[in-house]
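The values are calculated or read from the model by the stated rules, or taken from the named source; none is laboratory data. Here the structure is a predicted model, which means the values were calculated and not measured. Using ideal geometry, Cβ is built from the backbone for each residue, glycine included, and neighbour counts are taken over all protein chains shown.
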Amino acid sequence: MTRLLADDIKAIPATIKSYDRELLEKTGCSLQQIASAAAAAGTANIMPADYRVAVIPITSGLGTIAGFSEAVCSVACHLGFQAYVTAGADVSGLSEAYRGRADLAMLADDRVFVAINLKTGSVADNAEATALGYAAALKLMAGSLNDRDVLLIGAGQVGSRAAEALAEMGARLVIFDINKEAEASLVRRIREKTAIEVCGSVSLDDALKKCRVIFDASPGTSIIAGNLVNERTIVAAPGVPLGLSCDAEQVVKERLIHDPLQIGVAAMLYMVLAPGNKQD
C-alpha cells in the first residue's frame, strides 16, 4: 500500500461531498456509482444503510497515520453505511467489531489495506479495488476505451491489475515502467490473457506523445510535463503523489481524477459485498 501522509488525507472528511460532485461532473457518475461499476454485477441494488462498518486502527509497522481511520470512515458514511471507528486498535478493535455485530471491517498496516465481510468471509484488497475503481472512472470519463491508445504508467500492484481491467475494456495498451523487467513481464502477461494489442515503451515522453488517455499508477513526482499533455488528454491518477507537473495539472485539471483514498475505499466496500465474492 502507498505510504500516505497525514496531510494527504486530513481534508477528506470535510471535502468528500464536493469531491463526489466533482466526480459526477467529470464522469457523469457519483462515487457510489463508480464503486458499483468497479465491483461489477449484482451491486447496483446494495443498500448501504443495511451494513455496519467497523474501521479498525492498526498500530503495527510505522504506526497509525493520523486521521487515516477517520478519513476511511467518512467515505463509508458518505456512501450511506453505518460506519464507525472502533475505540480499540489491533486485536481489541477486531474483537470490538465482532462483539458489536459489525457486518464489515476495514483495516490497514504498512503493506495491506483490506475490507472483510465478517458474515461471508469475502475480502477486498485496496490495490485491486483502486485499480478497478479508477479504470471504471477512466472509462466513464472517456466515454469508451475500446480501440483507444491508453498509456499505463507503473507495473506495480495497482498498475498490473489496472492493465487487465483496461484490456478487458478494449484499450490498446502502452505500458511504461522504469523497471523494464517488470514492464516486460506485465506486457507478456496481458498478451497471454487477452487478444488486445499491448506493448512496452522505452521512452515515457514518446508514449505520452502517442496516448491521450493516461492511467498513472506510479509513485513518481512530476513525471508528466505540461508540454506532453493537451486539451484532449484525460488522466486517472491513483498514484500518490500526483505524477503531473504543476503546469500539466493545470492543462488537464477538468479531465483529471486523483484522490488519496476515496475511490479505492468506495470500491472496496462494494466489492466485498458483491455476490459470489468469496475469500480464495
Is at least one residue of the range 38-56 over 29 Å from Ala135 (Cβ atoms), more than 21 Å from the chain's Cα centre (by Cα) and at pLDDT below 95? no
Options Ala217, Ala274; residue that is touching a helix residue (DSSP H, G or I) at 6+ places or on another chain (Cβ under 9 Å) and either at positive phi or at pLDDT 95 or above (or both): Ala217
Which members of the range 71-126 meet the condition of being under 18 Å from the mean Cα position of the chain (by Cα) and among the acidic types (Asp, Glu)? Asp109, Asp110, Asp125
For the condition in the same structural domain as Val240 (by TED's automatic domain parsing) and either at pLDDT 95 or above or under 25 Å from Val265 (Cα atoms) (or both), what is the one hit in Ala171, Ala195, Ala115, Ala124? Ala171
Hits in the range 205-231 - residues which are closer than 23 Å to Leu132 by Cα and of a type outside the set (Val, Ile, Thr): Ala207, Leu208, Cys211, Arg212, Phe215, Asp216, Ala217, Ser218, Pro219, Gly220
Of the numbered conditions (1) under 19 Å from Ala267 (Cβ atoms); (2) among the hydrophobic types (A, V, I, L, M, F, W, C); (3) at pLDDT 95 or above, Ala14 satisfies every one except a single condition; which is it? (1)
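Condition check ((1) farther than 30 Å from Val55 by Cα; (2) of a type in the set (Val, Ile, Thr); (3) surrounded by fewer than 17 Cβ atoms within 10 Å (Cβ to Cβ)) across all residues:
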| position | (1), (2), (3) |
| --- | --- |
| Ala136 | no, no, no |
| Gly154 | no, no, no |
| Leu186 | yes, no, no |
| Val229 | yes, yes, no |
Just wondering, is there one or more residues in the range 139-151 that are of a type in the set (A, V, I, L, M) and closer than 27 Å to Ala6 by Cα? no
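Rundown of residues vs (1) in contact with a helix residue (DSSP H, G or I) (Cβ under 8 Å, 6 or more places away or on another chain); (2) assigned to a helix (DSSP H, G or I); (3) surrounded by fewer than 16 Cβ atoms within 10 Å (Cβ to Cβ); (4) of a type outside the set (Gly, Ala, Ser), yes/no style:
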site: Val55; (1), (2), (3), (4): yes, no, no, yes
site: Ile58; (1), (2), (3), (4): yes, no, no, yes
site: Ser69; (1), (2), (3), (4): no, yes, no, no
site: Ala83; (1), (2), (3), (4): yes, no, no, no
site: Ala87; (1), (2), (3), (4): yes, no, yes, no
site: Leu94; (1), (2), (3), (4): no, yes, no, yes
